[in-house]
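First comes the structure, then the notes that go with it.
The values are calculated or read from the model by the stated rules, or taken from the named source; none is laboratory data. The shown structure was predicted, so the numbers you read here are calculated from the model rather than taken from an experiment. Using ideal geometry, Cβ is built from the backbone for each residue, glycine included, and neighbour counts are taken over all protein chains shown. The area values use the complete protein model at the heavy-atom level, side chains included, leaving out ligands, DNA and RNA. Shrake-Rupley method; radii C 1.70, N 1.55, O 1.52, S 1.80 Å.
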Amino acid sequence: MDINKFIIAIVTTKKEKVSGGASVFHCNDDNEVQQVAGLLEAILDGVAHKLYEGMYIIVKH
Amino acid sequence: MDRMLYPVLFGILFGVISRVYMMRTDYRQYPSYLHGKTIHIALGFIASCLGSVIAPAIIDQDYTAVTFFTLAASQFRDVRNMERNTLSELDSFEIVPRGKTYIEGIALVFEGRNYLVIVTSFLTTLAYLKFNVWVALAAGIACIVLSSFLMSGRKIRDIADIRPIDLRFDDAGLYVGNVYMMNVGVNARQEDIERWGKGFILKPKNLNASVCLTNLGQRQAILHDCSSALGIYKDSGNPALTPLAKRDLETGEIAIFILPREQDTERALQVIGNVPTLESAYRDSKKRLQILRWKKGN
């Protein structure tokens, strides 16, 4: 089985909700989340998806 | 030999004319380069040579020559391979790829065109030998008209009603009409999509059309043609700005999301309508159902 989608980074303001698996970037507020997610999207050629407020994943498609 | 020379030359001429006529470069941009065209005209010339010499061979009852002809004609199967390989290689560098189904369709067409050239040359030479140059002229023109008719398949506008529709965001979810397309997390990308994005709904006219539009290759062909004809607001590092086509499971309609540089909705409708239905995607499901019903009835 080929896995062709994977989470390469998690950007969040909710430290307690995530752990391990992918690189986690902790942010202080939503503005910072947007900024970091935007940068990571550009750097990693992935797509930033919003799961809910303050919880973004960068997915490589 | 002299008796045969003019009919054969006449057949070759018409074969080449028909190949050139069938090679119209449009917005699909293929074959657009001079060398690509040269290759196809050269192959068309070879095909027309083959086609023209069959008629004299049959008339002289030289059946060995006819057998050799079938051997030579099999070479044209390689045309499909050649096209497939070239386009597959190029496809990895396309911002919106053609997709395998579209490539197979194009390769199939290129092979088919050479056979049409053979038929055109054969019939033209035969008409010249059996009747006269005027009948041959009429036969040649008729063959070219017939070829262009045979080569023009169905278009999307024949199988579906196309209408523009607004895009909207529900939080991070991008919707075209009521169809969910994708999750766009970054606000800046959402703004790009609101600025450049356009949405369309394709409503299939019948069951066959619905099955055809379900095919992922057919949908990719629509997206590729849109981006090559209208331009695209995307670069290699922006997977968030990818054109998409998704299906509404309730209604069977297809929602198209594109990011054209040319923001002319009318032109976009024309381009989508002009996308060919791919042979490998089109299925006659209605006929299949009819056969099943007929079998049940008996």
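Observations on the model:
- Scanning region B:245-269 for residues that are within 20 Å of B:ILE159 (Cα to Cα) and either hydrophobic (A, V, I, L, M, F, W, C) or touching a His at 6+ places or on another chain (Cβ under 7 Å) (or both) turns up B:ALA245, B:LEU249, B:ILE254, B:ALA255, B:ILE256, B:PHE257, B:ALA268, B:LEU269.
- The set of residues in region B:225-240 that are more than 19 Å from B:LEU278 (Cβ to Cβ) and in a helix (DSSP H, G or I) comprises B:LEU230, B:PRO239, B:ALA240.
- The residue of region B:191-224 that is nearest to B:PHE257 (Cα to Cα), among those that are small (Gly, Ala, Ser) and part of a helix (DSSP H, G or I), is B:ALA221.
- Among the residues of region A:46-58, those identified as more than 7 Å from every other protein chain (Cβ to nearest Cβ), touching a residue at least 24 places away in the same chain (Cβ under 8 Å) and part of a strand (DSSP E or B) are A:MET55, A:ILE57, A:ILE58.
- Residue within region B:223-235 that is within 13 Å of chain A (Cβ to nearest Cβ) and at pLDDT below 95 present: yes
- Counting the residues of region B:163-183 that are within 22 Å of B:ALA268 (Cα to Cα), within 14 Å of chain A (Cβ to nearest Cβ) and open to solvent by 50 Å² or more (accessible area, probe 1.4 Å) gives 1.
- Qualifying residue in region B:187-205 (condition: of a type in the set (Phe, Trp, Tyr) and open to solvent by less than 50 Å² (accessible area, probe 1.4 Å)): yes
- Any hit, region A:34-45, residues being surrounded by fewer than 20 Cβ atoms within 10 Å (Cβ to Cβ), more than 11 Å from chain B (Cβ to nearest Cβ) and assigned to a loop (DSSP other than H, G, I, E, B): no
- Checked against (1) surrounded by fewer than 22 Cβ atoms within 10 Å (Cβ to Cβ); (2) free of Cβ contacts under 8 Å to residues at least 60 places away in the same chain; (3) among the aliphatic types (A, V, I, L, M); (4) closer than 30 Å to A:GLY38 by Cα, B:LEU249 meets all criteria but (4).
- Some residue of region B:112-133 being within 26 Å of the chain's Cα centre (by Cα) and farther than 16 Å from B:CYS49 by Cα: yes
- Restricting B:ASN187, B:ASN206 to those that are at negative phi and within 14 Å of chain A (Cβ to nearest Cβ) reduces the list to B:ASN187.
Each row is one residue, and each column tells you yes or no for (1) in contact with a Ser or Thr (Cβ under 6 Å, 6 or more places away or on another chain); (2) assigned by TED's automatic domain parsing to the domain that holds B:ALA142; (3) under 26 Å from B:ILE141 (Cβ atoms); (4) open to solvent by less than 60 Å² (accessible area, probe 1.4 Å).
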residue: B:ALA73; (1), (2), (3), (4): no, yes, yes, yes
residue: B:ASP78; (1), (2), (3), (4): no, yes, no, no
residue: B:VAL96; (1), (2), (3), (4): yes, yes, no, yes
residue: B:LYS100; (1), (2), (3), (4): no, yes, no, no
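- Test: B:LEU167 is closer than 30 Å to A:TYR56 by Cα, modelled with pLDDT of 90 or more and touching a Leu at 6+ places or on another chain (Cβ under 7 Å): yes
- Top-ranked residue in region B:157-190 [being of a type in the set (Asp, Glu) and either in contact (Cβ under 8 Å) with a residue 60 or more places away in the chain or part of a loop (DSSP other than H, G, I, E, B) (or both); ranked as farthest from B:LEU213 (Cα to Cα)]: B:ASP171
- For region B:102-113, the condition of being assigned to a helix (DSSP H, G or I), open to solvent by 60 Å² or more (accessible area, probe 1.4 Å) and not small (Gly, Ala, Ser) holds for none of the residues.
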